Structure formats: structure tokens, C-alpha cells
1. Is there a residue being surrounded by 15 or more Cβ atoms within 10 Å (Cβ to Cβ) and assigned to a helix (DSSP H, G or I) anywhere in the range 428-445?
2. Here's a check for you: in the range 339-378, which residue that is hydrophobic (A, V, I, L, M, F, W, C) and within 18 Å of residue 398 (Cβ to Cβ) is surrounded by the most Cβ atoms within 10 Å (Cβ to Cβ)?
3. Going through the range 321-338 one residue at a time, which ones are crowded, with 19+ Cβ neighbours inside 10 Å, under 30 Å from residue 270 (Cβ atoms) and not aliphatic (A, V, I, L, M)?
4. For residue 318, are the conditions met, namely being more than 23 Å from residue 426 (Cα to Cα) and of a type outside the set (S, T, N, Q)?
5. Does residue 105 satisfy the condition of being assigned by TED's automatic domain parsing to the domain that holds residue 370 and under 23 Å from residue 17 (Cα atoms)?
6. What strands (runs of 3 or more DSSP E) completely inside the range 1-104 contain at least 2 residues that are among the polar types (S, T, N, Q) and at negative phi?
7. Test of understanding: among 98, 73, which residue is crowded, with 22+ Cβ neighbours inside 10 Å, in contact with a strand residue (DSSP E or B) (Cβ under 8 Å, 6 or more places away or on another chain), in contact (Cβ under 8 Å) with a residue 40 or more places away in the chain and not basic (Lys, Arg)?
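The values are calculated or read from the model by the stated rules, or taken from the named source; none is laboratory data. This one's a predicted model, so the numbers in the text were calculated from it and none came from an experiment. Note: ideal-geometry Cβ built from the backbone for every residue, glycine included; neighbour counts use all protein chains shown.
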Amino acid sequence: MAFDLEKIEHIVVLMLENRSFDNMLGWLYDPANPPPYDKPPRGQSFEGVSGKPLSNPIPSYARDAARGSVPVGKAKRITNPNPDPGEEYFHVNTQFFGTVIPEANRREPFNHKPYNLPSPLPDPAPMNGFVTDFINTFPMWRHREPEYAEYQVIMDCFTPQDVPVISALAHHYAVCDHYHASAPSQTFCNRAFVHSAASNGLVVNAPYPNWLFHHAPTIFNRIEDAQRPDLTWKVYYDELNLVSITWLLQPALRPYRRTRFFHMDEFFRDARGGTLPSYAFIEPRLVVNHNDQHPPVDDFLFTHAELAGEQLLYDVYRALRHGKHWERTLFILTYDEHGGCYDHVPPPRAVPPEPHQPEGQYNFKFDRLGVRLPVVLMAPYIEPGAIVHTLFDHTSILKTVCRRWNLPPLTERDKAAADLSAVFTLDTPRDDDPAITPRVVQRTPRPADEPLNDFQKGLLAIVTGITALNRVDENQHLIDKVAQVGRLVQDEYQAHRLHNIGQAWQFMKDRLDFTFQYEGGEDQS
């Protein structure tokens, strides 16, 4: 008998950054783990790394190439992988197919045609190029070639002892071992898919101004258009972010900054007081002391964002579990994309967002999914230790929201997606609660000095562009418009010269203060 989704009144999504399924949960069940992680519950199958002879070859030009390959291992440091792996479309092609085409793509900018795609395209993908791509991108950060001990970390995966919060929740509720990113690329397009079921043909973050004109409607617009008192939404973001990344990347949401975007203290009040919206989306802290779990670019931090993200997950879960209306809540933990981290499962084909999908950036037709992501579904109607093998992507979240509140699909992608309702197998809600102890998060003494990663540089560029748009008035004289364009160029030049978090945060604050003042009044969110 199908589960009655009307039992769920609140769907809450926390989206973290840049981790693959194997990287976070590949060792969730393994005979070497202490119970209860020594085997999957109730004899279920689990698509992890335990017991599989998984490895990636070492390219002939690498140091220690004579070793032949790098096997899957267990992470020795919580900061791995370090430095930040490649995540753009052309990097992901190398990771999938083990090819570097042409040879010039071994070095920046890595994006010459055919973008590392072999012909014909192997199906399934061999998933044998993560080591190759990590070796190729390493000099971009370190300005030298890596040693074996430095590049083998891309094949390392965490154990439950490394990441106790996500592991405990995955074991206590449901883990999805076939949930894939919506596109084989990086942050901006995958975050667009989780909101819009499309990315307007955009595949990579750059050129950043493209995202200022991504006017596709979102699930939030669908909710607004419904004009129903029983159907509401909010986006929660950390105050130190200064602004929501969802608001930055989704122009269709510009009118709602004051009324639908709120700081995290509002989330905790809503969870405690039973005033959560129907659909809530939570963003981690992305800039200062970020807790998004994005891999580091160097050894600056003691523990980096991995354990800080564990603490965030713990805090959000506890707020929901001990707040009002938990018995009517579905909490979804997901990640935007894999961030170059290793995974062994080949992504399947996908339904394009449009019936006759035109080629987008890099000639991509959005007919392939990205890498598997670590996704945990939490609700009192879920059997403990559930392992869900259904194929999902980000648009499965949209499908679930649309089915629950009878909303039309956004694109062909979410129309064809499986919703998440199969995870609900209990007739009555559980009231048990797992005992979870997060690891201690060591804070860096100088967070402002941390170097910027590519994602943070992208945020700077988007903020610069929004400020420029607000400065330009259609009724201005041509000379004034040209002057504003000149200021934009100057701002972009300044942004490219920024080197650390402190400089970037002040740069963003100055420009956002102007932007919000231009809108009239102070930010009420």
C-alpha cells in the first residue's frame, strides 16, 4: 500500500558541498567496523566499497607510476582530499573515462575540445580517472608535481569513526546508495537543478555573469503561484554568508529576499516553535569558518569544514527531532555535487529537461547524471537501517514536493524522476532517537587568513555582477551607463586580486550594503 504523503507536512533540505557517496559513506558497512557498522542491517545489500577490488590507474607521466594503481583506502586525515580536486565538467569527464583529450588538457585551463570526452563514449563509464585528474590539477594549487602519498588521498574514503553524525543518521534512518547529482559538473548548475530542475544550458560556474540571467522558475515560485495558505516556503542561511546563495543564483527569487530568506536563528526558532514552512531549504556557512564540508585548498586549517559540517548536521537534526511536528517532518541531507571525490558507480543516462534539449555549454545535452552523492533521509515513518536502491537525483526532491502538494512539474527531468515516498514503510511513527556524539571541531585561530577556494571566488563574481546591475538604470545617459560598466570591470579586477576569506568577506559586505540600500531600506531577513 502506497504511503500517504499527506502525513508529511514539512520537508526540510540541508544541502552541503562537494562530497561523493564513497568519500563519505563508502565504508559505512564493513566487517572491520565495530557494530552496528560491521554489516548492513537485515541482510540488505549496500553499494559501498567494502570487499571490492577498487582502484584507479596511475598515469605514466606521474611520479611513482611504477606502482601501477591506487587502491581505495581509508582516510588518514579528516581534511582529505587536499588540495581541492577538479569539479568542472571537463574534469569530471576525465574522472569518468580516464581520458585527457587533447593532451593539452593536462594543464590549465583544462577545457580544450572535446573536453576530455572519448569517442565513442563508453557506457557504463569505467570511473577510472580520479587519480589522473587529481594529479593534473594538483600543480594548480601547489605549483609542483605530487608525490604518491599526496595523490593517493583522492581514493581515500571516511569510516563511521571519522564521520559519526552522518553515519549514525544513515544507520538509524535511510541511506540512498543510488542518488546522483543532476549534472556531471560543479556547484552552480547542480544547485540550479535542485531548485529549477534545469540550469538554462549552463554547465559550469564560469563565466559567472551568466547566472545573473538564469530566469528559470523555481519550486519556490511554484509554491508562490499556488497561493495556498497551507503551502509555504523559506530559505535559511548563515548570517556570516551575508546573503543567500539561492537568492544570488536564482534571479526569479529576487522579489522575496525580505520575506522568504532568513538567518539560521530563525530556523531554530521555527523548529522549536512548530512554525516551519511546508518546504524549507537550508544553506551551510560558505565563507568565514565555513561548515559546508567543501574540501580545502591547503593545510591552513586544523580540521577544516568536514567536522564543522558534521556539527551543523547534528544541530539541524536535533532541532527538528526535538521540535514540534517531528512526526510530520521529512529531513533530507544531500550534497550539491561530488567535488572531484572518488566514487565507483557509473552514472546512468538521464532525461533532459527539455523535450528537444539543445546543446548547452561544452556541447552538453544534460542526458547524463553526475556522481553519486551521500544522501540520508530522516523521518519517523522510516524503518531503521533502511538502504534505498532507487535511482534518484536532485529533481527527486522536487518530484516529492510537487506530488505532496499537487504542483505541476518544472521540466521533463523532474516529471520523469522518482519521488522519495518509497522510503516510508512504517504505518505509525517511531519515537526512538539515536545517541550521537559529534567529534570536537577545532577552530582555526585566524579564519580571515584562510585562502579562497574556487566556489568562494565564484560568489565574489556573482556579488560583483548583482551590484553592477543595480547601479545601471535604463534611463541613464549612455555616458553614465558606460561609466557603470567601467566600475564593474574595476570591481572584477579587485575581486580577482583577493587572496583570503577576510578580504573576500569585506568585499562582499561593501557591495551588498550598496545593493540592499539601492533596493530601499535595510535587509529585513
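1. no
2. The residue in question is 373.
3. Hits for the range 321-338 are 323, 326, 329, 331, 334, 335, 336, 337.
4. When the stated conditions are applied, residue 318 does not pass them.
5. So residue 105 does not fit the description; no.
6. Those strands (runs of 3 or more DSSP E) span 55-57.
7. 98
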